[in-house]
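Participant: Have a look at this one before I ask anything.
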Amino acid sequence: MATVKQNPATRSPWRRRILLLGLALVIALFAFFWKPLRGYAETGAAYGARVACSCRYVGGRPLGDCKKDFEPGMELITLSEDVESKSVTARFPLLARETATYREGPGCQLEPWDRK
């Protein structure tokens, strides 16, 4: 049984138009919701850094155990620590990164935000 190959020039232009329209819609939605998405990402990263820093340097627990303290919906937050400076950095992919540092007395504090 022979198969017939369709010439690319004769393919339906609707398929390409629908794909381009879908891509444009996704980009428009992302642009429209950029500010709230960024705000949620920054808030989540800041909360994650502060909670994980307290868990690690006040509670003395391993960093991997500190994600148990996160609220539901924070699964995308990743943690890393700098043992020398006693700080924990939380990242939300592509959108936010926040660091909290342990200081004797006041405990874990977020690094100052430089928002313009």
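Participant: How far is helix 34-53 tilted, in degrees, relative to the longest principal axis of the Cα atoms in the chain, given as a value from 0 to 90 rounded to the nearest 10?
Facilitator: Taking Cα atoms only, the helix is inclined about 40 degrees.
Participant: Right, another one. For the chain, go through all pairs of different Cα atoms, get the mean of 1/r, take its inverse, and jot down that Kirkwood value in Å.
Facilitator: Values: mean 1/r = 0.0581 Å⁻¹.
Taking the inverse mean of 1/r over all distinct Cα pairs, the chain comes out at 17.2 Å.
Participant: Springs between alpha-carbon pairs under 10 angstrom, Gaussian network model over the chain: which of 22, 48, 39 fluctuates most?
Facilitator: 22
Participant: Under a 10 Å cutoff between Cα atoms, tell me which one of 76, 29, 63 has the largest fluctuation in the Gaussian network model of the chain.
Facilitator: Residue with maximal mean-square fluctuation among 76, 29, 63: 29.
Participant: Continuing with the same structure: Mind pulling the angle between the C-alpha long axis of helix 13-32 and the longest principal axis of the chain? Nearest 10 degrees, somewhere in 0 to 90.
Facilitator: Here the helix axis deviates by roughly 20 degrees.
Participant: Suppose the chain between residue 38 and residue 15 were pulled fully straight at 0.36 nm per residue; how much longer would it get relative to their current alpha carbon spacing?
Facilitator: Values: separation 23, 0.36 × 23 = 8.28 nm, distance 3.29 nm.
Roughly 5.0 nm would be gained on extension.
Participant: Charges on Cβ only, +1 for Lys and Arg, -1 for Asp and Glu, centred on the Cα centroid of the chain; of 53, 113, 74, which one is farthest towards the dipole's positive end?
Facilitator: So the residue furthest toward the plus end is 74.
Participant: For the full complex of protein chains and a 1.4 angstrom probe, list 71, 104, 81 by accessible area with the highest value first. All intermediate terms of the calculation are to be shown ahead of the outcome.
Facilitator: On the way: 71 100, 104 150, 81 70 Å².
My answer, sorted largest first, is 104, 71, 81.
Participant: Continuing with the same structure: So how far apart, in nm, are the two label points at residue 29 and residue 68 if each is 7 Å from Cα heading toward Cβ?
Facilitator: Using points 7 Å along Cα→Cβ, the separation is 3.7 nm.
The values are calculated or read from the model by the stated rules, or taken from the named source; none is laboratory data. Here the structure is a predicted model, which is why all the values come from computation and not from measurement. Note that each Cβ is placed from the backbone with ideal geometry, even for glycine, and that neighbours are counted across all protein chains shown. Surface accessibility is based on the protein's heavy atoms, side chains included, excluding ligands, DNA and RNA. Shrake-Rupley method; radii C 1.70, N 1.55, O 1.52, S 1.80 Å.
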